[in-house]
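One structure below.
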Amino acid sequence: MALNRRQKQTECIIRMLNLNQPLNATGTTNEEVYKILIYDKFCQNILSPLIHVKDLRKHGVTLYFLIDKDRKPVHDVPAVYFVQPSQVNVQRIVADASQSLYDSFHLNFSSSIPRPLLEDLASGTLNSESIEKISKVHDQYLEFVTLENNLFSLAQKSCYVQLNDPSAGDREIEEIVEKVASGLFCVLATLAVVPVIRCPRGGPAEMVASVLDQKLRDHLLSKNNLFTEGGGFASSFQRPVLCLFDRNFELSVGIQHDFRYRPLVHDVLGLRLNRLSVQGEKGGMRSYELDSSDPFWVANGSLEFPEVAVEIETQLNKYKKDVDEVNRRTGGTDGAEFDGTDLVGNTKHLMNAVNSLPELTERKQVIDKHTNIATVLLGEIKERSLDSYAKKENDMMVRGGIDRNELLGVLRGKGTKMDKLRFAIIYLICSESINQSEVEAIETALRESEVDNCAFQYVKKMKSLNVSLASANSASRSNIVDWAEKLYGQSISAVTAGVKNLLSSDRQLALTRTVEALMEGKPNPEVDSYLVFDPRAPKSGSGTSSSHLKGPFKEAIVFMIGGGNYMEYGSLQEFAQRQQPVKHVIYGTTEILTGMEFVEQLTVLGQKMGLGSSVAPPAPTR
């Protein structure tokens, strides 16, 4: 695929680890230099899903430290710094250089370092007579976390709260929009593509699109810009489309329970940076990595949990059969665990068996890992009736409501406080009108379970303040406060508009349906009002553009402002794979959130508006 973001980001990091020297065919430099790596917490998270310790060794990194830790001098060795361009980090670099901790300093900032900070760095090292220690300073444009080939996060926390805070002023909103646009600029710079940008009118999506468009235009004016090569894209006929949305476009997806393997593992077991820890079979915690190197995870992540359990059983039986086959051919014992010790027989079969040993061992490790994960998941599912939550929420979305007794039965039944709160909010979102007596019954049931209902009250308030989409969309972009005030109305009407077909028979999300329409580029009432920004075209009126920029597109980058999740990611990947020919969709977000984490942000907003009960926030514990 042309847009292989994971590969390109990894290449940038490897080049950085090799002191930004040209690499040879093996991915290393001709001259091996031993070095020290210094990073901050944010950049550690960028490195974590991409580079393992053995990779660091391969590229000559012998020691690695967090920048804020006390470190001893290591003379005659260069240090590679990979940090965010912040005042604190620059001060620490100056202090390290003045103490001559290392032989030379190769500074790499995760995004473009602002001029005032660069001047602080220069004056600080000059005053401490250590400026000769600074070998090079690089802007790496890597300020995003790649989790899978088609999944990334800007790791910007609590974006939804900041953008929807009723007390937020112009400056705070502008700072967040600027931060999101800068992160997206880093993604596009790494891919070396200038996309056509599409977004709905009004709200954060249009604001980010406008700022990003201007950033790209300004950058394209410089002769040696990051997009000159464009990986063959600049001159190619086809460019990708960047579709921007904000979380209020489809609020329910951030809250509902999903019963597919990848979202379930994330939501229930807390998958973070492709790692999770679960209780092992023999007690104690086991840590696992779940990424593109795990064939079972890649192949089965989008399946419903029962199908995954069947697939684990199938893989285990196939493994046992293959082990028996090897043992049979080499005269071993049927059903024996294959460890390579019971190998006798003719030389040819013996060699084949020896060659198959690493592959069989690796398969067994993957099967054991997913058996353990599935066992822990099954325990949670049974204890919390998660299958029932997922099914009933889906039914509510399709039917637009639920029987009152069934609703109250769920709220008084199994599940954590958070499960019940999420279910209650989904009911609110799905209901076309608020039934006061039902809402009061829900509030009573939540109180009985000692659930903090601030988030519920917040969504209820948003619904009651609902204004027509027309007036919300006409909010002037220049008046950010006016937009923020109207947001509460716009949010839910965007969610409830056409809620009947929010989940069609193939369970396609509204987001996926909209992206499909944007990629097709045909006249469609759902997206005809969407704005178009083309940073390569002469600037005209806001969002107006020639028709050839409206598709069809083979590749798309879909970005969700205010928090995304594995449910949307999975839905978009399924859509892309269904197309003939197969399309390519990358999904990104300001941060990946579980249902609980997103509802906690709604709770904060409810508290800021003085809504809800004062019970302690719902905990994930039972």
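The values are calculated or read from the model by the stated rules, or taken from the named source; none is laboratory data. Fair warning: this is a prediction, and the values are worked out from it, not measured in the lab. Note: ideal-geometry Cβ built from the backbone for every residue, glycine included; neighbour counts use all protein chains shown. Just the protein is used for accessible areas: all its heavy atoms, side chains included, with ligands, DNA and RNA removed. Shrake-Rupley method; radii C 1.70, N 1.55, O 1.52, S 1.80 Å.
Before moving on, here are some points about what is shown:
- Matching residues, segment 271-296, being in a loop (DSSP other than H, G, I, E, B) and among the hydroxyl-bearing types (Ser, Thr, Tyr): SER292, SER293
- Strands (runs of 3 or more DSSP E) within segment 140-201 that include 2 or more residues out of contact with any Ser or Thr (no Cβ under 6 Å at 6 or more places or on another chain): 145-148, 196-199
- Given (1) open to solvent by less than 50 Å² (accessible area, probe 1.4 Å); (2) under 30 Å from PRO581 (Cβ atoms), number of the condition GLU11 does not satisfy: (1)
- For segment 83-118, the candidate set comprises residues that are touching a Cys at 6+ places or on another chain (Cβ under 8 Å) and buried (at least 22 other Cβ atoms within 10 Å of the Cβ); within that set, the residue that is farthest from GLN44 (Cα to Cα) is SER110.
- One residue from VAL410, VAL376 being in contact with a Ser or Thr (Cβ under 8 Å, 6 or more places away or on another chain), assigned to a helix (DSSP H, G or I), modelled with pLDDT under 95 and over 15 Å from PHE259 (Cβ atoms): VAL410
- Residue within segment 364-385 that is touching a Phe, Trp or Tyr at 6+ places or on another chain (Cβ under 8 Å), open to solvent by 10 Å² or more (accessible area, probe 1.4 Å) and more than 21 Å from GLN315 (Cβ to Cβ) present: no
- Any pair with Cβ under 9 angstrom, 6 or more apart, that starts in segment 433-450 at a residue that is modelled with pLDDT of 90 or more and open to solvent by 60 Å² or more (accessible area, probe 1.4 Å) and ends at one that is part of a helix (DSSP H, G or I) and not hydroxyl-bearing (Ser, Thr, Tyr): GLU448/LEU411; GLU450/LYS417
- Qualifying residue in segment 209-222 (condition: part of a loop (DSSP other than H, G, I, E, B) and either open to solvent by 40 Å² or more (accessible area, probe 1.4 Å) or in contact with a Ser or Thr (Cβ under 9 Å, 6 or more places away or on another chain) (or both)): yes
- Taken over segment 45-62, the criterion of being surrounded by 14 or more Cβ atoms within 10 Å (Cβ to Cβ) and either at pLDDT below 85 or among the hydroxyl-bearing types (Ser, Thr, Tyr) (or both) is satisfied by SER48 alone.
- Residue among PHE109, PHE42, PHE105 that is at pLDDT 95 or above and more than 31 Å from the chain's Cα centre (by Cα): PHE105
- Selection count where residues are loosely packed, with under 15 Cβ neighbours inside 10 Å and among the basic types (Lys, Arg), scope segment 273-289: 2
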